[in-house]
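Notes follow once the structure below has been shown.
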Amino acid sequence: LQGIFVLGLPYALLHSGYSGLFLLILAAALCCYTGKILITCLYEENEDGQLIRVRDSYEDIANACCKQLSPELGGIVVNVTQVMELVMTCILYLVVSGNLLSHSFPFIPVTEKMWFVVAFVTLLPCVLIKTLKTVSKLSQLCSLVHFIIILVVMTYCLTQIHHWSWAKFRLSIEFEEFLVSVGVIIFSYTSQIFLPTLEGNMKSPGEFRCMLNWTHFFACVLKTAFALTAFLTWGEETKEVITDNLPSFLQTIVNLCLLTKALLSYPLPFFAATEIVYSCISRGNNSNYRSRLFALGVRGSFLLLTLLMAMFIPHFVLLMGLTGSVTGAAMTFLLPSLFHLKLKWKKLCFLEKCADISVFILGFLCSLAGAVCSIKGLLKVFG
């Protein structure tokens, strides 16, 4: 919930004005809601009225919804969508790592693509990760580095408090720029892909809803405070990545922290993607596909794939924006609300049905708008 997207939030406020502050709160509430209804779809009541976990993953939920059409159709669609988004996320972290290495050590005569290889080598130990517990420890370190970055930026901003002015906020907004801001704000909260696995690995799954409430609440407070202080400091001069606004002596420190954060962020989407692919391939009774060596091969192939795509696909960021607009909105808004309506229709009250339908429509509009903006960007680049 506190990913690299956070660094773009002040820029999002520049283009969304006061409505951006409202969006920061609304996005937290919506993402928290869709997370809860997604986990609800994992459970069914038994004869005694007790909730029993009958499904283990996003794939299982999709298969249950589409079993009348095809027993495995829903799972295939969800798995392909999940893997696409996770792989794109991994490549983004690799590209960011290469860029940061290039900017942090400009005196070394090495091309940016060679820095991608350096980042790739540091990520090789990821192929040895076997459990979510290892990933969680790395994510914990990632969170620590993230708070250091936020602390440095906010401390500097607070030293410039005498320059702050609420007049810097816009009342009028341009529609296309506003859509970009909506995408940045909403997708800085997305975590639905990981929630079924996370809930299943909790020592006390009954505390999941409470955990989701508190994490989204604190994420909202931190994002709002960070975006607000940074935007009030630089106003119209706010850059796409807020660390570019910092004085040069702070930029180097923050860039190294960002590099550490990007490298530590990589294992979570990498682990999730490889687990999905490995579980799909190793189904059945063929023991050859369940060996440790085969699992190592799957992880190694995925790691190499992310490097090759980062190095050789031109305009990758625009392509990722297009994919993220479609897959991100689908996994965060469209599918959770659709699955909840399908599986729980008879048990939902009128207001709950209205809420799910509203979230579905909002997700569809966000996906459509993001796709249109990304396609326009690609068309402009290719003339």
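The values are calculated or read from the model by the stated rules, or taken from the named source; none is laboratory data. Since we're looking at a predicted model, the values are computed, not measured. Cβ coordinates were reconstructed from backbone atoms using ideal geometry, including for glycine residues, and neighbour counts include every protein chain displayed. Ligands, DNA and RNA are stripped out before the accessible areas are found, and what is left, the full protein with its side chains, is counted by its heavy atoms. Shrake-Rupley method; radii C 1.70, N 1.55, O 1.52, S 1.80 Å.
Would you mind calculating the gained length between Ser136 and Val152 on full extension (0.36 nm times residue separation, minus the Cα-Cα distance), in nm to one decimal?
On the way: separation 16, 0.36 × 16 = 5.76 nm, distance 2.44 nm.
Gain on extension, Ser136 to Val152, equals 3.3 nm.
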In sequence order, what are the phi-derived ³J(HN,Hα) couplings for the range 81-87 according to the Karplus relation 6.51 cos²θ - 1.76 cosθ + 1.60 with θ = phi - 60°, rounded to whole Hz, with x for glycine and proline?
5, 4, 5, 4, 5, 5, 5
Going by Cα centres, the range 180-197 and the range 215-229 are how many Å apart?
14
Take the residue pairs Lys67/Lys346; Lys130/Lys344; Lys36/Lys223; Lys36/Lys133 and return only those whose Cα atoms are more than 27 Å apart.
Lys130/Lys344
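From the mean inverse distance of alpha carbon pairs (Kirkwood) and the Cα radius of gyration, derive Rg over Rh for the range 1-53. All intermediate terms of the calculation are to be shown ahead of the outcome.
Numbers: Rg = 17.6 Å, Rh = 13.7 Å.
Here the Rg-to-Rh quotient is 1.28.
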In Å², rounded to a whole number, the accessible area per residue of the chain with probe 1.4 Å is 51
Per-residue ³J(HN,Hα) for the range 49-63, Karplus 6.51 cos²θ - 1.76 cosθ + 1.60, θ = phi - 60°, Hz, x for Gly and Pro
x, 8, 7, 10, 6, 9, 10, 10, 8, 4, 4, 4, 4, 5, 5
Name the residue farthest towards the positive end of the dipole of the range 5-382 from the options Leu92, His162, Leu308, assuming +1 on Cβ of Lys and Arg, -1 on Cβ of Asp and Glu, about the Cα centre.
Leu308
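First select every other residue whose beta carbon is under 12 angstrom from the beta carbon of Ser57; then total the charges, Lys and Arg +1, Asp and Glu -1.
Within the 12 Å Cβ shell, the charges total -3.
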By average Cβ neighbour count within 10 Å, what is the ranking of 301-310, 133-142, 198-207 from highest down?
301-310, 133-142, 198-207
Where does each of 220-233, 80-93 land if you order them by average Cβ count within 10 Å, highest first?
80-93, 220-233
Option label - P(r) over Cα pairs in 10 Å bins from 0, in percent computed here, alternatives [x] 5, 20, 26, 21, 16, 9, 3, 1, 0; [y] 4, 14, 16, 13, 10, 8, 6, 6, 5, 5, 5, 4, 2, 1, 0, 0; [z] 5, 21, 32, 27, 12, 3, 0:
[z]
Taking only the Cα positions of the range 20-173, the convex hull volume per residue in Å³ is 252
Order of 258-265, 9-16 by packing, highest average Cβ count within 10 Å first?
9-16, 258-265
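Given the convex hull of the Cα atoms of the range 64-137, what is a quarter of its surface area in nm²? Mind dumping the intermediate values first?
Numbers: hull surface 28.5 nm².
Averaged projected area of the range 64-137's Cα convex hull equals 7.1 nm².
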Using label points projected 7 Å from each Cα along Cα→Cβ, tell me how many nm separate Leu368 and Val221, to one decimal.
3.8
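Taking the Cα centre of the chain as origin, work out the dipole magnitude from +1 charges on Lys and Arg Cβ and -1 charges on Asp and Glu Cβ, in debye rounded to 20. Each step should come with its number before you reach the end.
On the way: 26 positive and 22 negative charges, 115 e Å.
Roughly 560 debye for the chain.
Looking at the range 1-106, which trypsin sites (Lys or Arg not before Pro) are in a loop (DSSP not H, G, I, E or B) and have at most 15 other Cβ atoms within 10 Å?
Details: sites: Lys36, Arg53, Arg55, Lys67; in loops: Arg55, Lys67.
Hits after loop and neighbour filter: Lys67.
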The ³J(HN,Hα) series, computed from each phi in the range 162-167 with the Karplus coefficients 6.51, -1.76 and 1.60 at θ = phi - 60°, rounded to the nearest Hz and given as x for glycine or proline, is 5, 9, 5, 7, 5, 5
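Could you work out the relative contact order of the range 5-382? I mean the mean sequence separation of Cα pairs under 8 Å and 6+ apart, divided by the number of residues, in percent.
Details: 450 pairs, mean separation 124.3, N = 378.
The value is 33 percent.
Could you grab the relative contact order for the range 17-125? Cα pairs under 8 Å, six or more apart, rounded to a whole percent. Each step should come with its number before you reach the end.
Working: 67 pairs, mean separation 13.1, N = 109.
Across the range 17-125, relative contact order equals 12 percent.
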Would you look at the GNM of the chain, springs on alpha carbons closer than 10 Å, and say which of Leu69, Leu94, Leu296 moves the most?
Leu69
